[in-house]
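Quick notes on the structure that follows.
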Amino acid sequence: MRKGVLLIFLTAIISGCSIFINQFGVSTINPYIFTGLKNIVVAIMIGCLLLIMKEWRLLKNLRKKQWLLLLAIGLVGGSIPFLLFFKGLALTGAAQGSLIHKTMFIYVMIFATVFLKERVNKKFLFCGLLLLSGNAFLFRFIPHNLGKGDVFILIATLLWAVESVASKHALKELPSKIVAWGRMFFGSIFILIFLAVIGQISLLTSLNIGQIWWVVITSVLLFGYVMTWYSGLRHVPVFLAAVILLLGLPITTLLVIIQTGVINLNEVFGIGLVLIGVIVGIKYIKISDTPKLFNNTRTSSTQNLN
């Protein structure tokens, strides 16, 4: 449990840094191309890791049902939501879109309760209120209506929540690196199909040196994100992982403050509420709340595949 929490904390740190750095890359590259290239590069990196660690042979032992689950994870986690999210951001304000995305842990909590039978302490609702309030203060904005772009982002957020729960289910039988590879590999294929349909696939080879460097840098961060996320998710309840992930937002805000040298009371208060919310969540989500299926997460992945 402790190992999983530490890995998800590392994921949150990487996430916070990635959001800050991605804004520079996406400002110079077509968002669809930027997303597609990052997914492809990370899929290749994870594939090489599987070869180096001699875990590639595990793919030969996968059952049809497991292949279909990886395919679904790639579709609902590694492709469609990315495309919807970037399209939505182009149609709505960044503050409103980002705050909608930060509600993902609520949907994860609901889906995990229904499908994984994870039990949530009632006081976790208080934790959720603190987190949402903190995010609202950080963005200095509260959504008052939903436009077309907001709906796109909301759908993307729901899909990422579904993917998180599906991945947690897959991790009962599959190694974290296999699940991460499936998400990125199949996600890349679906994005390539999308780019071909809209006639933008030729743009993949039209980047200059500066744009390529942004892809490389952000791909390394994305690789670190997916590897720590799936490794940590294997050991902790998915709703706890989703809550800890919200720590990425104050990290991004701190980087912006360092960059601009400007800070205001809203940001200080917002960061404080988010941190308190996460601490409260960790305090009230006990190991005893974890269903029996978590007792089997340490079982050898090779044994599960046989």
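The values are calculated or read from the model by the stated rules, or taken from the named source; none is laboratory data. All of these numbers come straight from a predicted model, not from anything done at the bench. No Cβ is skipped: glycine too gets one built from the backbone with ideal geometry, and neighbour counts run over all protein chains shown.
Considering the conditions (1) small (G, A, S); (2) at pLDDT 75 or above; (3) surrounded by 14 or more Cβ atoms within 10 Å (Cβ to Cβ), S301 is excluded by exactly one of them, (2). Tallying residues that are at pLDDT 80 or above and either part of a loop (DSSP other than H, G, I, E, B) or more than 16 Å from I153 (Cα to Cα) (or both) within the range 76-107 yields 2.
Here is a yes/no grid of residues against (1) at pLDDT below 80; (2) within 30 Å of V42 (Cα to Cα):
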| residue | (1), (2) |
| --- | --- |
| W229 | no, yes |
| V243 | no, yes |
| G248 | yes, yes |
| V256 | yes, yes |
| N266 | yes, no |
| I271 | yes, no |
| I282 | yes, no |
| I285 | yes, no |
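Filtering G199, G224 for residues that are surrounded by fewer than 21 Cβ atoms within 10 Å (Cβ to Cβ) and assigned to a loop (DSSP other than H, G, I, E, B) leaves a single hit, G199.
The condition of being in contact with a Pro (Cβ under 7 Å, 6 or more places away or on another chain) and farther than 20 Å from I217 by Cα holds for only one of I100, I8, that being I100.
For the range 171-196, how many residues are surrounded by fewer than 24 Cβ atoms within 10 Å (Cβ to Cβ) and in a helix (DSSP H, G or I)? Qualifying residue count for the region: 12.
Filtering the range 63-73 for residues that are over 24 Å from the mean Cα position of the chain (by Cα) and either part of a loop (DSSP other than H, G, I, E, B) or surrounded by fewer than 17 Cβ atoms within 10 Å (Cβ to Cβ) (or both) leaves a non-empty set. Here V162 meets each of (1) at pLDDT 90 or above; (2) crowded, with 22+ Cβ neighbours inside 10 Å with one exception, condition (2). With respect to being modelled with pLDDT of 70 or more and charged (D, E, K, R), K122 falls outside the description. Within the range 188-218, the set of residues being of a type in the set (G, A, S) and under 14 Å from I29 (Cα atoms) comprises S202, S206, G210. Only residues that are surrounded by 18 or more Cβ atoms within 10 Å (Cβ to Cβ) and under 16 Å from the mean Cα position of the chain (by Cα) were counted in the range 202-220, giving 2.
Mind checking whether some residue in the range 16-28 is closer than 27 Å to T205 by Cα, touching a helix residue (DSSP H, G or I) at 6+ places or on another chain (Cβ under 9 Å), modelled with pLDDT of 85 or more and surrounded by 20 or more Cβ atoms within 10 Å (Cβ to Cβ)? Checked against the condition, which is being closer than 27 Å to T205 by Cα, touching a helix residue (DSSP H, G or I) at 6+ places or on another chain (Cβ under 9 Å), modelled with pLDDT of 85 or more and surrounded by 20 or more Cβ atoms within 10 Å (Cβ to Cβ), the range 16-28 yields at least one hit.
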